Amino acid sequence: MILEGMLLEPSGGESGGGGLTGYIVHHLTHNVVYVAGQKLHFDSWMVALLLGLLGCFLLWTQARKATAGVPGKAQAFVELVVEFVDSQVKDSFHGDRRFIAPLALTIFVWVFFMNAMDLLPLDLPAGVVTAVAGEEAAHHSYLRWVPTADVNTTFAMSITVFFLIIFYSIKAKGGWGFTKELFTAPFHAHGAFAKIVLAVPNLFLNLVEYLSKPVSLGMRLFGNMYAGELVFMLIAGLFMSWITFPFGLVANSVWAIFHILIILLQAFIFMVLTVVYLAMAHEHH
Amino acid sequence: MNPTFMTLLGQMITFAILIWFTVKFIWPPLMSAIEERQQKIAEGLAAADNAQKNLAQAQDKVNEELKAARSKANEIIEQAHQRANSLIDAAKADAIAEGNRQKALAEAEIEAAANRAKEDLRKQVSALAVSGAEKLLKREIDANAHRALIDDLAAQL
């Protein structure tokens, strides 16, 4: 898959060893299946898919029976979310919002759902598997169920956004205008010689600018969620002894409550930055 | 004890605390926001409904007023017609009376003039008759002696 080197996958995940190190290594190992000889993080893919479907289903059920009269509580909540997202988009994107606003809503809801997986008890699936199939089976089955703590998921989203940025740039400036701007901005020059001299640094700066967007988008979300997940694992270490167990409870509670803010904030940031990037691409220079 | 079980236990307790926190501190403001929205919408709809009803009422009232005004106008026009007719009738009666008066006046005048003319004529004829008789008798008639005779003659003419 993309960016194989950045996966931060622990080496020798299977053996792991005992104690906290083994615990963390175990929980940082993806459930991998091989598709056409390529590694696929099946857990990230499957959980993301299910959460996406869940989000679609929840919004669809409300949209289907939406009334123009006094809304029910669920509809009112969905309306609040949709209105919030739409007003955010309206603030930064000036133009036809018929595609951008639903895109922003999709990103916001989906990323929020994927982030929210972080709040669920980390060892719940392991406990279930242990209860059903025994400890040995649990030791060899892997599940990371926070898809946004997988760099592949976040980059898949940010690269999609990147293609949309390119699409909107070309749509706004035309194929020739877009290509021309790659070589003539941000340094403007008069005269043929200066233009040729500045073409190379211009192209370089533009490439950096364009590529920094998907990288920063993807890395920001991944970094936050990965770090959050890791902190949960480290706090889990406190649970391994009865002496530190109460401290673990306090730390885990505080971090979980704080994490409510983080998952919302990261979903919001991903959405807003996507809209801002598209708005920048959409506008003429 | 199995470390996985202990971490799971700790995480489950934490999860319960998280749910409690959500129920206690996150759910109420969310719910109040939702309820506020519902109430706002309900109020807005009720206000719109009311406005519509008021509009209909106002429309009815306007129609009623228009109807009343129209009938009033008709009444006034009717009255005006009546008044005009009575004025015309009075004027006609006046005119006829005046005409009659003028006619009577003229007739009286004419009669007076005719009488005067008759009187003149009678006097002249009597004078003529006297002078004729004088000429016939070739002698002077004592006007005073015959005054009665002459007057009688003139009256007979």
Legend entry - Dipole of the protein assembly as shown, positive end: most advanced residue of B:L18, A:I235, A:F57 [Cβ charges, Cα centre]: A:F57
Inset, instruction - Using only Cα atoms, tell me the angle between helix B:3-21 and the longest principal axis of chain B; keep it within 0 to 90° and round to the nearest 10. - result: 20 degrees
Inset, instruction - Please turn the phi angles of the stretch B:102-109 into ³J(HN,Hα) values with the Karplus equation 6.51 cos²θ - 1.76 cosθ + 1.60 (θ = phi - 60°), one per residue in order, whole Hz, x for glycine and proline. - result: 4, 4, 4, 4, 4, 4, 4, 4
Legend entry - Difference of contour (0.36 nm per residue) and Cα-Cα distance, A:L265 to A:L207: 18.0 nm
Inset, instruction - Within 10 Å, count the other beta carbons around each residue, average over each peptide in B:111-124, A:124-137, B:5-18, A:19-32, and list them highest first. - result: B:5-18, A:19-32, A:124-137, B:111-124
Inset, instruction - May I ask you to evaluate 6.51 cos²θ - 1.76 cosθ + 1.60, the Karplus curve with θ = phi - 60°, for each residue of the stretch B:55-72 and list the ³J(HN,Hα) values in order in whole Hz, giving x for glycine and proline? - result: 4, 4, 4, 4, 4, 4, 4, 4, 4, 4, 4, 4, 4, 4, 4, 5, 5, 4
Legend entry - From phi via Karplus (6.51, -1.76, 1.60), per-residue ³J(HN,Hα) for the stretch A:122-139 in Hz, x at Gly/Pro: 4, 9, 4, x, 4, x, 5, 4, 4, 5, 7, 10, x, 5, 5, 5, 5, 5
Legend entry - Residue-span extension gain [A:F57 to A:R220] - 0.36 nm each, minus C-alpha spacing: 55.9 nm
Inset, instruction - Measure nothing but the geometry: give the 0 to 90° angle between the long axis through the Cα atoms of A:100-116 and the longest principal axis through the Cα atoms of chain A, rounded to 10°. - result: 20 degrees
Inset, instruction - Evaluate E = 1/(1 + (r/R0)^6) for A:F258 and B:A46, where r is the Cβ-Cβ distance and R0 equals 25 Å; express this FRET efficiency to the nearest 0.05. - result: 0.05
Inset, instruction - Multiply the residue separation of A:I166 and A:K73 by 0.36 nm, subtract the distance between their alpha-carbon atoms, and state the gained length in nm to one decimal. - result: 29.5 nm
Legend entry - Set of lysines near B:K123 by C-alpha distance (under 28 Å), chain-local residues within fewer than 8 positions excluded: B:K135, B:K138
Legend entry - Range in chain A, longest, excluding exposed trypsin sites (Lys or Arg not before Pro) [loop by DSSP; at most 15 other beta-carbon atoms within 10 Å]: A:99-285
Inset, instruction - Calculate, for the stretch A:167-233, the solvent-accessible area per residue in square angstrom, rolling a 1.4 angstrom probe over the heavy atoms of the protein chains. - result: 55 Å²
Inset, instruction - Please give the helix A:151-184 orientation as an angle from the longest Cα principal axis of chain A, in degrees from 0 to 90, rounded to the nearest 10. - result: 0 degrees
Inset, instruction - Enumerate the lysines that B:K40 could reach by cross-link, defined here as Cα to Cα under 19 Å, with residues fewer than 8 away along the same chain left out. - result: A:K73
Inset, instruction - Treating cross-link reach as a plain straight distance, find the aspartates and glutamates whose alpha-carbon is under 19 Å from the alpha-carbon of B:K72, omitting any fewer than eight places away in the same chain. - result: B:D60, B:E64
Legend entry - In nm, spacing of pseudo-spin labels at B:F5 and B:D89 (7 Å Cα→C-beta vector): 12.2 nm
Legend entry - Positions from the stretch A:78-93 whose accessible area shrinks by 10 Å² or more when the full protein complex is built, not the chain alone, probe 1.4 Å: A:E79, A:L80, A:E83
Legend entry - In the stretch A:128-200, chymotrypsin sites (Phe, Trp or Tyr not before Pro) in a DSSP loop with at most 12 other beta-carbon atoms within 10 Å: none
Legend entry - Separation in nanometres of the label points that stand 7 Å from Cα toward Cβ, at A:V231 and B:H81: 9.5 nm
Legend entry - Descending Cα extents along the principal axes, the protein assembly as shown, whole Å: 198, 70, 38
Inset, instruction - Express in whole angstrom the spacing between the alpha-carbon centres of the stretch B:94-130 and the stretch A:80-135. - result: 128 Å
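The values are calculated or read from the model by the stated rules, or taken from the named source; none is laboratory data. Everything quoted here is computed from the prediction, not taken from an experiment. For neighbour counting, all protein chains shown are included, and Cβ atoms are generated from backbone atoms with ideal geometry for every residue, glycine included. Accessible surface is based on the protein model in full, side chains and every heavy atom, while ligands, DNA and RNA are left aside. Shrake-Rupley method; radii C 1.70, N 1.55, O 1.52, S 1.80 Å.
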